[in-house]
Amino acid sequence: MFRNSYDNDSITYSPTGRLFQVEYALEAIKQGSASVGLVSKTHAVVVALKRSAEELGSYQKKIIRIDDHLGIALAGLAPDARVLSNFMRQQAMSSRMIYNRPIPISRVVSAIGDKAQRNTQTYGRRPYGVGLLVAGFDETGPHLFEFQPSGTVLEYFGAAIGARSQSARTYLERNFDQFPEASLEDLVIHGLRALRDTLAQDKQLLAQNTSIGIVGLDTKFTLYDNDDVRGWLEKLGDVGSTRGRRPPEEPEPEATEDAPVTDAPPPEETDTVEPIETDA
């Protein structure tokens, strides 16, 4: 990324059809700590890695409850996420007051998508520098949406955003076929395993830096932080980073009666000299 004559505002296209301000906002998401979301037939789960600015500072809040059936996990600029979460709360309260029902998940994510897209059409505004994973449950079942600064909103079976999130996406792609039938406990463990893959080499998942949000059938949005997370980490087992580990060595083949294994070296090959025929 570097400065050029087409990145002074978010409404000017480059000759190649790119909006550089939007691309810079996507880079801001990659600087934030990772968040992972996944969904089964009955529940939606988000897990997030919290980060502290310094040793004496508190950890940043990464999962925000919007309503009893809805919550978000963020990566990027937390103040921008706070603005969007307040807007989503307003939409949720309006639905309950006017229609006397929880707001559908697709409607609220479309609302924040429209709000973000207007920033790419109005001079003097900038795109939101935050990505959101929106997890919720409505009359059509559990849902997981990813929001991007361009205003794009897509639904996923599993998604990851933030720093080193590609490692988490690789895990989700390898195991997503297990998600629909997974129990709530298995779904959370899958999320923690994917989140563990985003850790730096010398880091671990701890109760202080891990957040879990759960919503689903007969389950209101519940946030687990600090001591509430310890039970889930104990079920996970290995909480350390998997980066830099050697793959397990393949076991040596066992000896059989037909082909005994010995330590004797193979016989050396010798050159045989055939007699030379002469005319004598």
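When the stretch 124-133 is examined, which residues are found to be surrounded by fewer than 24 Cβ atoms within 10 Å (Cβ to Cβ) and within 19 Å of the chain's Cα centre (by Cα)?
G129
Quick check on the stretch 69-79: of everything there that is of a type outside the set (G, A, S) and at pLDDT 95 or above, which residue is farthest from V153 (Cα to Cα)?
Across the stretch 69-79, the extreme among qualifying residues is H69.
Do we find a residue being surrounded by fewer than 19 Cβ atoms within 10 Å (Cβ to Cβ) and farther than 30 Å from Q178 by Cβ anywhere in the stretch 62-77?
no
Output the qualifying pairs, or none if there are none: Cβ atoms under 9 angstrom, residues six or more apart or on different chains, first residue in the stretch 102-117 and more than 16 Å from G129 (Cβ to Cβ) and free of Cβ contacts under 8 Å to residues at least 60 places away in the same chain, second residue in a helix (DSSP H, G or I) and of a type in the set (S, T, Y).
Qualifying pairs under 9 Å: P102/S95; I103/S94; I103/S95; P104/S95; R107/S95; V108/S95.
With the checklist (1) touching a Phe, Trp or Tyr at 6+ places or on another chain (Cβ under 7 Å); (2) at pLDDT 95 or above in hand, flag the one item A160 doesn't pass.
(1)
Just the residues that are touching a helix residue (DSSP H, G or I) at 6+ places or on another chain (Cβ under 6 Å) and either within 20 Å of I189 (Cα to Cα) or in a strand (DSSP E or B) (or both), please, taken from the stretch 122-133.
Across the stretch 122-133, the qualifying residues are V130, G131.
Taking D67 and the conditions (1) in contact with a helix residue (DSSP H, G or I) (Cβ under 9 Å, 6 or more places away or on another chain); (2) without any contact (Cβ under 8 Å) to a residue 60 or more places away in the chain; (3) more than 24 Å from P127 (Cα to Cα); (4) of a type outside the set (A, V, I, L, M, F, W, C), which numbered condition does it fall short on, given that it satisfies the others?
(2)
Output the residue which, of all residues in the stretch 17-70 that are touching a Pro at 6+ places or on another chain (Cβ under 7 Å) and among the hydrophobic types (A, V, I, L, M, F, W, C), is farthest from Q204 (Cα to Cα).
It comes out as V22.
Restricting attention to strands (runs of 3 or more DSSP E) lying wholly within the stretch 134-191, give those where 2 or more residues are surrounded by 14 or more Cβ atoms within 10 Å (Cβ to Cβ) and touching a Gly at 6+ places or on another chain (Cβ under 9 Å).
141-147, 158-161
Filter the stretch 1-31 down to the residues that are surrounded by 15 or more Cβ atoms within 10 Å (Cβ to Cβ) and in a loop (DSSP other than H, G, I, E, B), then identify the one that is farthest from the chain's Cα centre (by Cα).
Only one residue tops the list, namely Y6.
To keep it simple, each residue is scored yes or no on (1) open to solvent by 70 Å² or more (accessible area, probe 1.4 Å); (2) without any contact (Cβ under 8 Å) to a residue 24 or more places away in the chain; (3) not in a helix (DSSP H, G or I).
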site	(1), (2), (3)
S33	no, no, yes
G37	no, no, yes
V46	no, no, yes
D80	no, no, no
Q91	no, yes, no
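The values are calculated or read from the model by the stated rules, or taken from the named source; none is laboratory data. Note that this is a predicted model, so its numbers are computed, not measured. Cβ sites come from the backbone with ideal geometry, for glycine too, and all protein chains shown count toward neighbours. Calculation scope for accessible area: heavy atoms of the full protein, side chains included, ligands and nucleic acids excluded. Shrake-Rupley method; radii C 1.70, N 1.55, O 1.52, S 1.80 Å.
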